[in-house]
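Please read the structure below before turning to the comments.
The values are calculated or read from the model by the stated rules, or taken from the named source; none is laboratory data. Quick caveat: nothing in here was measured; it's all calculated off a predicted structure. All Cβ positions, even for glycine, are placed from backbone atoms using ideal geometry, and neighbour counts span all protein chains on display. These accessible areas exclude ligands, DNA and RNA; they are computed on the full protein's heavy atoms, side chains included. Shrake-Rupley method; radii C 1.70, N 1.55, O 1.52, S 1.80 Å.
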Amino acid sequence: MSEVYTTIIFLFVLFGLLGGSVWIGLALMGVAWVGMELFTSRPAGDAMITTIWSGSSSWTLTALPLFIWMGEILYRTRLSEDMFRGLAPWMRFLPGGLLHTNIAGCTIFAAVSGSSAATLNMVGKMSIPELRARGYPEYMIIGTLAGAATLGLMIPPSLTLIVYGVTINESITKLFMAGVFPGLVLAGLFMLYIVGWHFFGSGQRPKEEPRLSLGEMIAESRFLLPLFGLIIVVIGSMYMGFATATEAAAVGVLGALGLSLMQGSLNWATFVESLMGATRTSAMIAFILMGAAFLSLSMGFTGLPRALAGLIESYNLSPIALIAVLTVFYLILGMFMDGLSSVVLTMAIVEPMIRQAGIDVIWFGIFLVVVIETAQVTPPIGFNLFVLQGMTRHEISYIAKTAVPMVALMLLMVGILVVWPELATWLPENIRQQ
């Protein structure tokens, strides 16, 4: 019963602080402080200082601000307009037409930005005006964009996977590799949804796009070359073993600066804006990680993670049953918290459970990202829904309705991962690394 009382106290303090609008990082530290004072004899201040310093001085964590900065730089270039010009000739002949640019654009930009919000902003400002002008249904424009933007969380470089890897001390490069195939399969499911709408859906159909010759299509594709080149250099250098995630991120920043310079969109103002945007985001994430590190230490002293893991083990749940329970748990948690906070808040308890059940931690990272992706587009706190509301001025309820089919497809992706775990584990196990 002592574990039950301990859990109640932790939850009471946590929700009390969060309900009082305390920053998540400070709320986590506050819960940890209470745990240290009530359940241990170790000085809470000394433990907090040591833990925060060791947690924030991780070399692996340096990849995080660099990838964020790369995305911020690209967000301020003319890349969105160029991306639409390069993608449109190849998408217009598919069933569903240029709606596929939402999926393809998000998939491509996700490969240079680990943020769902950045992907949504970048592709949204490209596709929404163009698709509206061509007469595509509003609910399809918004729904496909809301779902596809979540690919920024899975396709490397993913900020969520970096945080997960740092939290459980796992290879960031392996996690990046594991996200490639599931990300592409999920993008394929989104595109199949558009094809299904084209053949079986009701409502308006846009006018057929004018035909282009093969030469014209290839000529328009030149606008994609700079972005593809950056993707190959950043992602390829990691997969070929030439660079670590941090080194590849540094190369990506230099490449993004070079692209914006060639486009003529790099000036002192955009440079400072990108740097300050990356600094704010990185500081927020680092603050959450500091609080989570202190909370993990505090909970470790109380023995709560081990006790809960033992409790789960006593129920003799199969790995699939455990995954089903965790799916529901993270979906509920994700309705009220952002994805990064959900990861760092729960890993101290969930990691012993999954290891005890024999679940591969690399596979679990991808599963976790898919579930968190789903939570990004589910009310009441679906972050992507609010970003889209700001871009389109629609009611949040309308945007949530348009995203329902995408939520269903992401839950289907969870089932696919359970049935075929090799989808996530094959690439990191078989690609040779230095």
* Asked: Among the residues of region 116-125, how many are surrounded by 24 or more Cβ atoms within 10 Å (Cβ to Cβ) and closer than 15 Å to Thr77 by Cβ?
  -> 4
* Single match in Leu184, Leu192 (criterion: in a helix (DSSP H, G or I), surrounded by fewer than 22 Cβ atoms within 10 Å (Cβ to Cβ) and out of contact with any helix residue (DSSP H, G or I) (no Cβ under 8 Å at 6 or more places or on another chain)) -> Leu192
* Any chance region 99-115 includes a residue that's under 21 Å from the mean Cα position of the chain (by Cα), of a type in the set (Ser, Thr, Tyr), modelled with pLDDT of 75 or more and open to solvent by less than 30 Å² (accessible area, probe 1.4 Å)? -> yes
* Residues Val123, Val163, Val112: which one is part of a helix (DSSP H, G or I), hydrophobic (A, V, I, L, M, F, W, C) and under 25 Å from Ser237 (Cα atoms)? -> Val163
* To do: Show the residue pairs that are 6+ apart or on different chains and have beta-carbon atoms under 7 Å apart, the first residue being within region 167-184 and of a type outside the set (A, V, I, L, M, F, W, C), the second being assigned to a helix (DSSP H, G or I) and open to solvent by 20 Å² or more (accessible area, probe 1.4 Å).
  => Pro182/Leu423
* **Matching residues in region 143-174 - criterion: being within 19 Å of Thr51 (Cα to Cα) and of a type in the set (Ser, Thr, Tyr)** => Tyr164, Thr167
* Structure fact -> Over region 129-159, the set of residues touching a helix residue (DSSP H, G or I) at 6+ places or on another chain (Cβ under 8 Å), open to solvent by 10 Å² or more (accessible area, probe 1.4 Å) and in a helix (DSSP H, G or I) is Glu130, Arg132, Glu138, Tyr139, Leu153, Leu159
* Structure fact -> The one condition Gly358 fails out of (1) surrounded by fewer than 21 Cβ atoms within 10 Å (Cβ to Cβ); (2) modelled with pLDDT under 90; (3) on the phi < 0 side of the Ramachandran plot is (3)
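Every residue, every condition in (1) open to solvent by 10 Å² or more (accessible area, probe 1.4 Å); (2) modelled with pLDDT of 85 or more; (3) closer than 29 Å to Ala292 by Cβ, yes or no:
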| position | (1), (2), (3) |
| --- | --- |
| Gly365 | no, yes, yes |
| Leu409 | yes, yes, no |
| Val418 | yes, yes, yes |
| Gln433 | yes, no, yes |
* Structure fact -> Going through (1) among the aliphatic types (A, V, I, L, M); (2) under 23 Å from Arg393 (Cα atoms); (3) touching a Ser or Thr at 6+ places or on another chain (Cβ under 6 Å) one by one, Ala118 fails only at (3)
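Against the condition closer than 26 Å to Gly35 by Cβ, touching a Lys or Arg at 6+ places or on another chain (Cβ under 9 Å) and in a helix (DSSP H, G or I), how does Pro428 come out, does it pass? Lay out the reasoning, then the answer.
Numbers: closer than 26 Å to Gly35 by Cβ: no; touching a Lys or Arg at 6+ places or on another chain (Cβ under 9 Å): yes; in a helix (DSSP H, G or I): yes.
In short, no.
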* Residue in region 375-407 that is modelled with the lowest pLDDT, counting only those that are open to solvent by 40 Å² or more (accessible area, probe 1.4 Å) and among the hydroxyl-bearing types (Ser, Thr, Tyr) -> Ser397
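Matching residues to (1) out of contact with any strand residue (DSSP E or B) (no Cβ under 7 Å at 6 or more places or on another chain); (2) open to solvent by 50 Å² or more (accessible area, probe 1.4 Å); (3) modelled with pLDDT under 75; (4) not small (Gly, Ala, Ser):
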{"residue": "Ile49", "(1), (2), (3), (4)": "yes, yes, no, yes"}
{"residue": "Leu64", "(1), (2), (3), (4)": "yes, no, yes, yes"}
{"residue": "Glu72", "(1), (2), (3), (4)": "yes, no, no, yes"}
{"residue": "Arg78", "(1), (2), (3), (4)": "yes, yes, yes, yes"}
* Structure fact -> Exception for Ser41 within (1) under 28 Å from Ala278 (Cα atoms); (2) open to solvent by 10 Å² or more (accessible area, probe 1.4 Å); (3) modelled with pLDDT under 75 falls at (1)
* Cβ-Cβ under 6 Å pairs, at least 6 apart or on other chains, region 316-331 side closer than 13 Å to Met353 by Cβ, far side modelled with pLDDT under 85 and open to solvent by 30 Å² or more (accessible area, probe 1.4 Å) -> Pro319/Ala357; Leu322/Ala357
* Structure fact -> Checked pairs for region 249-267, first part of a loop (DSSP other than H, G, I, E, B), second open to solvent by less than 40 Å² (accessible area, probe 1.4 Å), C-beta under 7 Å and 6 or more apart or across chains, list as Ser265/Thr77; Leu266/Leu257; Leu266/Ser260
